[in-house]
1. For segment A:362-394, which residues satisfy the criterion of being part of a loop (DSSP other than H, G, I, E, B), open to solvent by less than 20 Å² (accessible area, probe 1.4 Å) and in contact with a strand residue (DSSP E or B) (Cβ under 6 Å, 6 or more places away or on another chain)?
2. Just to verify a result, which residue in segment B:45-62, among those that are surrounded by 18 or more Cβ atoms within 10 Å (Cβ to Cβ) and not aliphatic (A, V, I, L, M), is farthest from the ligand (Cβ to nearest atom)?
3. Within segment B:114-126, can one find any residue that is touching a Lys or Arg at 6+ places or on another chain (Cβ under 8 Å) and within 16 Å of the ligand (Cβ to nearest atom)?
4. Identify the residue in segment B:8-20 that is farther than 16 Å from residue A:141 by Cβ and open to solvent by 50 Å² or more (accessible area, probe 1.4 Å) and, among all such residues, is nearest to the other protein chains (Cβ to nearest Cβ).
5. Given the structure, is residue A:120 at pLDDT below 95 and open to solvent by 30 Å² or more (accessible area, probe 1.4 Å)?
6. Looking at the structure I just gave you, is residue A:44 over 25 Å from residue A:384 (Cα atoms) and in a helix (DSSP H, G or I)?
7. Between A:148, A:142, A:135, A:60, which is hydroxyl-bearing (Ser, Thr, Tyr), in contact with a Gly (Cβ under 6 Å, 6 or more places away or on another chain) and within 14 Å of another protein chain (Cβ to nearest Cβ)?
Amino acid sequence: MSNNRTLRGKSVVAGVAETTYYKRGESPDAEFKLALKAILGACENAGISPKEIDGFSSYSNDRSDPSRIAAALGIHDLRFASMQWGGGGGGASGALANAASAISTGMAECVVVFRALAQGQFGRFGQGRQSKFTSGEPAHTSPFGLMSPAQMFAMKVNRFMHDHGVKQEALRAISLAAYHHAQNNPRAVMHGRPLDAEKYDNSRWIVEPFHLYDCCQENDGAAAMILVPAERAKDFDHPPCYVLSALSGSHYRAGAPVHNTPDYGTSTFKTVAPRLYDMAQVKPSDVDVLQSYENFTGGVLMSVVEHGLCAPDECNEFFTLENLTSSSGKLPLNTSGGNLAECYMHGLGLNVEGVRQVWGESTNQIKDVNVSMVTSGPMVTPVSSCIFGSEATL
Amino acid sequence: MSEYYLNPGLAIPRAQADGLDKAYWDGLAEDKLIIQRCLSCKGWQWGPEWLCHRCHSFDLGYEEIESTGVIYSHERVWHPIHPALKDQGPYVVVLVEFPQADYVRVVGNLLGDPLQPLEIGAKVKGVFEHHTDTDPVYTLLQWQLA
Ligand SMILES: [Zn+2]
């Protein structure tokens, strides 16, 4: 008996694109224009007319309204417009899941997942509240100088590292791997700016255990990905890249205020990952390459553990530059440079890279990729993940 | 030197307009740690919410607990986010849990040398830090090793 209530194999990626990636505040284009450029780029990459798009899916309260985009593109029949709730990049794969749901259920035929950011135009992430008064949950944290994402999440990572004896070198390997990969990726903002262990060790602390190089960049740009029904898999120049699984969620009282979730030192993926593998019908050992959202390296470490790719007490042996950077390593990770060294496109660039690995088009191509996984936005709630698969996985 | 742990100029905390955490802030002003307790199932709950997450009763009371706890996690902050902390130097934020109240937690600073070794599981006792030179005045609950 086949289970019809699944996204597995029902949609396929038709095209992907990103704009030029800029450092924060350096985009010459307005945010909305960046969104349009990425969407048109994905259409060109797919070889379809922008007028074929009938759905939009985004996350983190993206400001580029889908009705305005539909009007700008001259779309005749808008069928789907979806916003995944939750802050940070926890919604990147969730937005993909929503798009795949629309395709799988027949609500729409051609859905674009997109994210656009121009922080120069609209203000910065990671800044403390500078109003005169504070109330609600922030009143219970910001008077103690706990106000930025780095400060919120270091507290979780310290607990995890304490519980499992994780050393700083494990975080360092994640950062080094990202910068290593970025040197082969001309799109990467950190292309031509390599990082070594000494430079990492000598970099300033932001908040322990995060050095400067454990923290994501801040960037301007946009990325987009187009999903269509699996029946169209052979209509494009790319080899088929199917959505095997995509979903979101969080554990018991993950959102309990003032750092009160009972299971605290976690990337929030413990309940999500088993459902992800179930839907995809693959095991952790089947994963050929991983793109894992780095708000901070500690989030990557916990994401990898909670997706069953490394035992929690084996992080110090597992997280080495060798294991994370080659086809023969245990887990090629963030092969575009990721949020740390390619671009912080709120994580959607990781999904784009996950697709390119299946297509054989990565600038750090891993051999024989069939199962390509992406984890989005660790430590926030809800988080989300997705698994792409080649034709051989169906 | 300021008599407070952090330099002045951060936003002043106020009870939220709907009154949900008013008992907490009023308690601090009187050197009392007061948190939420369900009148129906007697479970403790924090941060405050309108509903008990265990039994779904809306009858939530506020009750004083002893201001002693255990460091559940910690962090030493080096990079100042807020302009008021530009010359602060490193400082320590701790997440303190209360075994005497279903292990609910609050955030605070750990008083003393900001470079002191930090230990998860260390016992701490509360210090009520009264900010009397702001309008309105307010009180923060800080922590020192017990
Ligand atoms: Zn109750």
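1. A:366, A:369, A:377
2. Once the filter is applied, the top-ranked residue is B:47.
3. Checking segment B:114-126: not a single residue is touching a Lys or Arg at 6+ places or on another chain (Cβ under 8 Å) and within 16 Å of the ligand (Cβ to nearest atom).
4. Filtering first and then ranking leaves B:17.
5. Taking the combined requirement at face value, the residue satisfies it.
6. In short, yes.
7. It is A:148.
One line per residue, one yes/no per condition, for (1) open to solvent by 50 Å² or more (accessible area, probe 1.4 Å); (2) at the interface with another protein chain (Cβ under 8 Å from one of its Cβ atoms):
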position: B:81; (1), (2): no, yes
position: B:89; (1), (2): no, no
position: B:93; (1), (2): no, yes
position: B:97; (1), (2): no, no
position: B:107; (1), (2): no, yes
position: B:116; (1), (2): no, no
position: B:122; (1), (2): no, no
position: B:131; (1), (2): no, no
position: B:146; (1), (2): yes, no
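The values are calculated or read from the model by the stated rules, or taken from the named source; none is laboratory data. Owing to the predicted nature of the structure, the values given are computational and were not obtained by experimental measurement. Quick reminder, even Gly has a Cβ in these numbers, built from the backbone with ideal geometry, and neighbours come from all protein chains shown. What goes into the accessible areas is simple: the full protein's heavy atoms, side chains included, and nothing from ligands, DNA or RNA. Shrake-Rupley method; radii C 1.70, N 1.55, O 1.52, S 1.80 Å.
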